[in-house]
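S.K.: Here's a structure for you.
The values are calculated or read from the model by the stated rules, or taken from the named source; none is laboratory data. All values reported here derive from a predicted model rather than from experimental measurement. Note that each Cβ is placed from the backbone with ideal geometry, even for glycine, and that neighbours are counted across all protein chains shown.
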């Protein structure tokens with residue numbers, strides 16, 4: 001149950017942004033630029049950074065949605081994404097991405113945790129100045145989103161199929177906010193699932 005009266009049935013960060021519509025455009029634009037804009041890091045690699053930071057912050061909504069988005073960028077390879085979130089140093093990814101994820105992990109703790117050695121490792125692995133910059137900003141951006149979502153106790157679906165569809169949309173269409181009609185249908189769908197699950201629980205309890 002959200003701590004304040006957010007739009008009913010709308011999951012995660014979307015409900016918070018709908019509460020303050022004036023922030024929809026800047027947050028959506030920043031997300032689109034950082035996760036899908038022109039960059040030498042692929043959208044999949046950037047989604048991995050987001051999923052990794054969200055996993056470390058134990059933000060179930062952001063971790064699950066961006067885990068799914070990353071997986072869809074890698075031919076639905078959820079095992080790859082999970083290996084990165086669990087132990088990036090032993091995941092089947094490039095040395096450069098491992099070094100950048102190490103920086104992202106430090107930022108998740110505190111920006112001051114990043115050291116010259118961390119940056120030197122990333123440079124030695126082939127990371128550019130822009131890639132290092134964007135890794136730090138992505139990690140900070142996801143920390144903000146994680147705390148925003150969990151700080152308000154926003155509605156968090158538990159069905160992984162919901163996140164798989166969400167991730168497919170983010171990977172395919174990006175981060176432009178959906179239209180009002182799409183949000184209405186999303187709200188209706190989520191309420192239906194909640195009601196149906198409640199009915200099943202009630203029926204099981206009465207047996």
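S.K.: Please specify each residue of the range 67-83 satisfying the condition of being surrounded by 21 or more Cβ atoms within 10 Å (Cβ to Cβ) and within 14 Å of residue 165 (Cβ to Cβ).
M.R.: The answer is 67, 68, 69, 71, 72.
S.K.: When you go through 86, 62 one by one, which is the residue that is under 18 Å from residue 146 (Cβ atoms) and surrounded by 20 or more Cβ atoms within 10 Å (Cβ to Cβ)? Let's see the steps before the verdict.
M.R.: Working: 86 fails: surrounded by 20 or more Cβ atoms within 10 Å (Cβ to Cβ).
The unique qualifying residue is 62.
S.K.: Continuing with the same structure: Tally time: how many residues in the range 86-112 are out of contact with any helix residue (DSSP H, G or I) (no Cβ under 6 Å at 6 or more places or on another chain), assigned to a loop (DSSP other than H, G, I, E, B) and without any contact (Cβ under 8 Å) to a residue 24 or more places away in the chain?
M.R.: Adding up the residues that qualify gives 3.
S.K.: Among the helices (runs of 4 or more DSSP H) lying completely within the range 1-85, list those that include at least 1 residues that are at pLDDT below 95, within 19 Å of residue 138 (Cα to Cα) and within 15 Å of the chain's Cα centre (by Cα). Full working, then the answer.
M.R.: Values: elements: 12-19, 24-36, 43-56, 60-73.
In the range 1-85, the matching helices (runs of 4 or more DSSP H) lie at 12-19, 24-36.
S.K.: Here's something else I'd like to know. Within 16 Å of the chain's Cα centre (by Cα), without any contact (Cβ under 8 Å) to a residue 60 or more places away in the chain and either outside any helix (DSSP H, G or I) or within 30 Å of residue 99 (Cα to Cα) (or both) - does that describe any residue in the range 123-134? Break it down stepwise before answering.
M.R.: Of the range 123-134, the ones within 16 Å of the chain's Cα centre (by Cα) are 134.
Filter once more, so that each one left must be without any contact (Cβ under 8 Å) to a residue 60 or more places away in the chain: none.
Within the range 123-134, not a single residue is within 16 Å of the chain's Cα centre (by Cα), without any contact (Cβ under 8 Å) to a residue 60 or more places away in the chain and either outside any helix (DSSP H, G or I) or within 30 Å of residue 99 (Cα to Cα) (or both).
S.K.: Could you tell me whether any residue of the range 137-152 is over 18 Å from residue 53 (Cα atoms), modelled with pLDDT of 95 or more and within 19 Å of the chain's Cα centre (by Cα)?
M.R.: Applying the first criterion (over 18 Å from residue 53 (Cα atoms)) to the range 137-152 yields 152.
Imposing the further condition that a residue be modelled with pLDDT of 95 or more reduces the set to 152.
In the following step, the residues that additionally are within 19 Å of the chain's Cα centre (by Cα) were identified as 152.
For the range 137-152, residues over 18 Å from residue 53 (Cα atoms), modelled with pLDDT of 95 or more and within 19 Å of the chain's Cα centre (by Cα): present.
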